[in-house]
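First up is the structure itself, then whatever we jot down about it.
Please treat every number below as a calculation from the coordinates, not as lab data. Since the model is a prediction, treat every value here as computed from it, not as a measurement. For neighbour counting, all protein chains shown are included, and Cβ atoms are generated from backbone atoms with ideal geometry for every residue, glycine included.
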Amino acid sequence: MRLLVIGSGGREHALVWKLAQSPHVTRMWCAPGNAGIAEERLAKNQSLVECVKIGAEDLPKLLAFAEEKQVDLTVVGPDNPLALGIVDLFQKNRLRIWGPNQKAAQFEASKAFSQVFMQRHGIPTARAGIFSDVRQGREFASRLNGLCAIKADGLALGKGVLITETILDAEAAIQEILDGRKFGEAGSKIVIQELLEGAEVSLHALCDGKTARLFPTSQDHKRSHDGDQGLNTGGMGAFSPTPFMTDAQVADTGRKILEPFLRGCAAEGIDYRGILYPGIMLTKDGPKVLEFNARFGDPETQVYLTRLENDLVELFDSSVNGTLDKVDLKWSAMASVCVVMASGGYPGNYAKGKVIAGLDAANALPHTKVFHAGTARTAEQILTSGGRVLGVTSWAKDLRSARDAVYAAVEKIHFDGAHFRRDIAAKAL
Ligand code: AMP
């Protein structure tokens, strides 16, 4: 099989790495990829994965490339091409592609769409209202005493949520998003949710339109600094499994959310094929959904795929074909921990072009894989080229050993200004 993977982050490196292990794959491209992806080899014939300089949002060029190379299956990593309708475009041109179509991707692309859907189909969620009028929004926020999560409707790089605890702050936030266009057009409409309390967990489920197969637990670390201090980031690390939920709780949460989700999709003619990744608050009244994502989390992908024992090509095939009911997901009993090494200053301004040393030494450690995110290569060297640079991942018999192993690997890697959290998975021990 000839595969094309779309995207360039740590998530896509993990996808490429796992897909490359499949004996079905004879050739693989990644658009645009990164320096680590360009070093991956296929298990089948040892040929290198080829990175092609086409942006993940350049749909016409991606289509032309897939047609020219006679790609058998395209795998979409990031949310933007999904929201732009890459799946519909490829399908219209009779190309097989894995990921939700544009209608299904609305669960991530529009928080208002998701909120209405959840209310209509009895999916447990926060009390909420949808507004494009500042005055009406403020009225609703004051009824919640200002204890609100105020969210831009559209895609805002994961940053479009403001948490407020007073009426004054809520009023200011509503004004900033709706009138001030703090998040641009993504904020022409807002969802205001009541502020929920509890432990936050996320789930991943692979869907094929009718069946959803739940992944084990994982937890990410969104804040930039230790002790969950600092700014929100794309994710500074993750681990799986977590001790905070038992398998029975995961299954129960999955049932409460995924069953009405799939019924609702059937009722509304939404064909959801791909990963569904809901963010959930475990409140004293049970689990409640905060939001849906329509793709894999990053860095959750890195810990999941280092534990997954199935052939990922076969899983994606089943997701596309609608045959997931015949497949069981198999997970290694090992625990996996990923520590993100970022450029100093991220998620604010940061320098690029720093030489990265020690990658080979880290990769040589047992059960360790350094996934690249923001990296680029020159003839001789690998340089930093983004905010999140590497996702160093180790797996071992338990969380403590995996955590020790991953930090030993991180210690081997150096670049100017490197920043990483030292407490990934610490609270699970
Ligand atoms: P979202 O992108 O909707 O998941 O929101 C980003 C973050 O804001 C979440 O990971 C939560 O930490 C927080 N958040 C969102 N909605 C709520 C809510 N209704 N109550 C409490 N915290 C929330």
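Some notes on this structure:
- Kirkwood Rh in Å, taken over the stretch 298-343 so that all alpha-carbon pairs contribute: 12.1
- Amide H contacts of GLU291 (H built 1.01 Å from N, in plane; Pro and chain starts excluded): GLY279 sit under 5 Å, all sequence-distant by 5 or more or on other chains.
- The slack between GLU197 and ALA248, meaning 0.36 nm per residue of separation minus the straight C-alpha distance, is 16.2 nm.
- Ratio Rg/Rh, restricted to the chain and using Cα atoms, in which Rh is the Kirkwood radius: 0.95
- Taking each DSSP H run with n ≥ 4 as -39500 (n - 2.57) and averaging over every residue of the chain yields -9000 deg cm²/dmol at 222 nm.
- Binning all Cα-Cα separations of the stretch 1-114 at 10 Å, short to long from zero, yields these whole-percent fractions: 15, 47, 30, 7, 1.
- All lysines inside 23 Å of LYS92 as judged from Cα atoms, apart from same-chain residues fewer than 8 positions distant: LYS61, LYS69, LYS103, LYS210
- Overall dimensions of the stretch 205-356 as given by Cα atoms, namely Rg and Dmax in Å: 17.2, 53
- With the simple model of a label 7 Å out from the Cα in the direction of the Cβ, LYS44 to GLN175 spans 6.0 nm.
- Between the stretch 175-195 and the stretch 352-429, the alpha-carbon center distance in angstrom: 36
- Values of log10 I(q)/I(0) for the stretch 6-61 across q = 0.19, 0.24 Å⁻¹ run -0.58, -0.86, by the Debye formula with one identical scatterer at each alpha carbon and no solvent.
- Dimensionless Rg/Rh of the stretch 303-429 - Kirkwood Rh, Rg from C-alpha atoms: 1.05
- Using θ = phi - 60° in the Karplus curve 6.51 cos²θ - 1.76 cosθ + 1.60, the 3J(HN,Hα) couplings for the stretch 94-102 round to 6, 10, 7, 8, 9, x, x, 6, 4 Hz; x is entered for Gly and Pro.
- Mean projected area of the Cα convex hull of the stretch 87-227, taken over all directions, amounts to 11.0 nm².
- Value of Rg to Rh for the stretch 120-165, rounded to two decimals, is 0.98; Kirkwood radius and Rg both from alpha-carbon coordinates.
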